[in-house]
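The values are calculated or read from the model by the stated rules, or taken from the named source; none is laboratory data. Note that the structure is predicted; figures quoted are calculated from it, not measured. FYI the Cβ positions are ideal-geometry reconstructions off the backbone, even for glycines, and counts take in every protein chain you see. Accessible surface areas use protein heavy atoms only, side chains included; no ligands, DNA or RNA. Shrake-Rupley method; radii C 1.70, N 1.55, O 1.52, S 1.80 Å.
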Amino acid sequence: MSVKFIGYIGFNNGSETQAAVRSRALDKDYVEAAAKAQEKGGFDRVLIPFGSNSPESQIVAAHAAAITSTLGFLVAHRPGFTQPTVAARQLATLDQLSGGRVAVHIITGGADAEMARDGDTRSVKAERYARTDEYLTILRQEWTAAQPFDHQGKFYDVKQAFSAVKPDNLPVFFGGSSPEAIDVAGRHADVYALWGETLESVQDSVRQVRRSAARYGRDPGFSLSLRPVIADTEEAAWKRAAEIEEQVRENRVAAGLPITGHRPANAGSLRLLETASANRQDKRLWTGVAALTGAAGNSTGLVGTPEQVADAMLDYVDIGIDHFLIRGFDPLADSILYGRELLPIVRRKVAERNGTDGDRAGLALAG
C-alpha cells in the first residue's frame, strides 16, 4: 500500500493560536510561499478550503497551480450553489490547465448560519445529502458523457448537457458521518475523508464506508486529517502541544467564545468531540484543541518525535488509511518541518513494510 500526503493552504499564515477565529483574509505572498514550500517538501496535494466568507477555492488553486509544476490540489467545493454542469466544466478546465493535478473535496453543508450566508435558508441535512447525491451523478456524467444527456431529478432538470472539456483524472473526496452521508460516500467517493479519531473509531468508519461502497461495486481510499506536533524529544513535543492548547484557550476566552459545553450540529463533530472526552487517546492522539473548539474541523493531532508520530500514522495505515491530510498551528513553518522531518520517515517505513510485509495493511483491514 502506498501513502499520499495532503497539505493545506488556508489563505494566510494564521491559525487558532493567533486568534480565536481563523481569518479568511487572502495573503497572496503566503499562498505562493505555501504552495512552493509544500511542493518542495514532497506533499502530493494541498487542500484549498471553502467557506461562505472565504476567498474562492478554485481561483486560489488556479493561481497556485500556475506557479508550481508537480503539486496537486484538493479543491473544496459545496454542492448546491453552482449548477453541477457548470461546476463540472470549471473543475475539468482547471484539471486540464494544471496538467491533471486537481481533485475535488465535496463538502455537503455546514451549520445553518453558514449555509444561509450563501442563500440556502430552507434545506435540512438529509435533503442536502440527497441534493449532493444528484449533484455528483450529474457531475460525473458531464465529465464522461460522449453525447449530450438529459437528467430530470428532484433538484436538477438538465436538457442536452454536454462538456467538450473532460478531466484526465479528477478524484472525488467526500466526508460525512451520518447514515445519509455514508450512503452518498458509498456511491460516489473515490477517497473518503475522516478527522483524526481513535484507531477503533476510524476502523469502524472505514468498515461502514467499505460496506456501503461494496453495494455499488466500488473500493474507495481513505484520508485522515491530523495536526501533528513534532519535536526532537517526546517531552518537548508534549510541551509544545500544551502551549498550543493554552494559547487557544486564552484566545477563545478573550473573544468571549465557549471552551466547554459545545453542541455541534453535525455528526462528524459530535464523534470528534466524543473522542476529545480524554485529552490523550491511543498511543499519542491529542485532542486538547478539539475539546476547546467544539471539534470544529481538523483539530486533533499526533504528538511525539518524528519517528514516534510516523509509527502512530502507520497504525492508521494498518486499518486502511492511505492518505494523510496534515497541517500545523504555525502553518507555513510547520509544513516545511513536516516535509523535512516527517514525510520522509513515513515513506521510508511504508517502503520497508511493502518490501517485507507489504500485505499487512490489507490483512488487518480484512479481519
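Given the condition open to solvent by 20 Å² or more (accessible area, probe 1.4 Å), among the hydrophobic types (A, V, I, L, M, F, W, C) and more than 17 Å from Ser57 (Cβ to Cβ), answer yes or no: does some residue in segment 107-114 qualify?
yes
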Return the pair list, or none, for Cβ contacts closer than 7 Å from residues in segment 154-181 that are within 26 Å of Gln208 (Cα to Cα) to residues that are open to solvent by 20 Å² or more (accessible area, probe 1.4 Å) and assigned to a strand (DSSP E or B), at least 6 apart or on different chains.
Phe173/His105; Phe173/Ala193; Phe174/Ala193; Gly175/Ala193
In the set Arg360, Arg327, Arg348, the lone residue that is open to solvent by 50 Å² or more (accessible area, probe 1.4 Å) and modelled with pLDDT of 95 or more is Arg348
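Quick one: which of Arg89, Arg131 is open to solvent by 10 Å² or more (accessible area, probe 1.4 Å), in contact with a Pro (Cβ under 7 Å, 6 or more places away or on another chain), closer than 25 Å to Gly153 by Cβ and assigned to a helix (DSSP H, G or I)?
Arg131 is the lone residue from the list that is open to solvent by 10 Å² or more (accessible area, probe 1.4 Å), in contact with a Pro (Cβ under 7 Å, 6 or more places away or on another chain), closer than 25 Å to Gly153 by Cβ and assigned to a helix (DSSP H, G or I).
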Among the residues of segment 288-324, which ones are among the aromatic types (Phe, Trp, Tyr) and open to solvent by 10 Å² or more (accessible area, probe 1.4 Å)?
none
Name the residues in segment 226-243 that are open to solvent by less than 10 Å² (accessible area, probe 1.4 Å) and under 16 Å from Ser15 (Cα atoms), would you?
Leu226, Arg227, Pro228, Val229, Ala241
Go through segment 137-236 and tell me which strands (runs of 3 or more DSSP E), entirely inside it, have 3 or more residues that are more than 24 Å from Asp44 (Cβ to Cβ) and not charged (D, E, K, R).
149-152, 157-161
Does Ser299 meet the test of being of a type in the set (S, T, N, Q), modelled with pLDDT of 95 or more and outside any helix (DSSP H, G or I)?
no
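The rows are residues; the columns are (1) out of contact with any Phe, Trp or Tyr (no Cβ under 8 Å at 6 or more places or on another chain); (2) under 15 Å from Val202 (Cα atoms).
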residue: Asn279; (1), (2): no, no
residue: Ala290; (1), (2): yes, no
residue: Pro306; (1), (2): yes, no
residue: Val317; (1), (2): yes, yes
residue: Leu343; (1), (2): no, no
residue: Ala351; (1), (2): yes, no
Being in contact with a strand residue (DSSP E or B) (Cβ under 7 Å, 6 or more places away or on another chain) and hydroxyl-bearing (Ser, Thr, Tyr) is the filter; apply it to segment 166-218 and report the residue that is nearest to Ala92 (Cα to Cα).
Tyr192
Counting only residues that are part of a helix (DSSP H, G or I), more than 19 Å from Tyr338 (Cβ to Cβ) and free of Cβ contacts under 8 Å to residues at least 24 places away in the same chain, segment 240-259 contains a total of 3
Output the number of residues of segment 270-293 satisfying the condition of being among the aliphatic types (A, V, I, L, M) and either touching a Gly at 6+ places or on another chain (Cβ under 7 Å) or assigned to a loop (DSSP other than H, G, I, E, B) (or both).
4
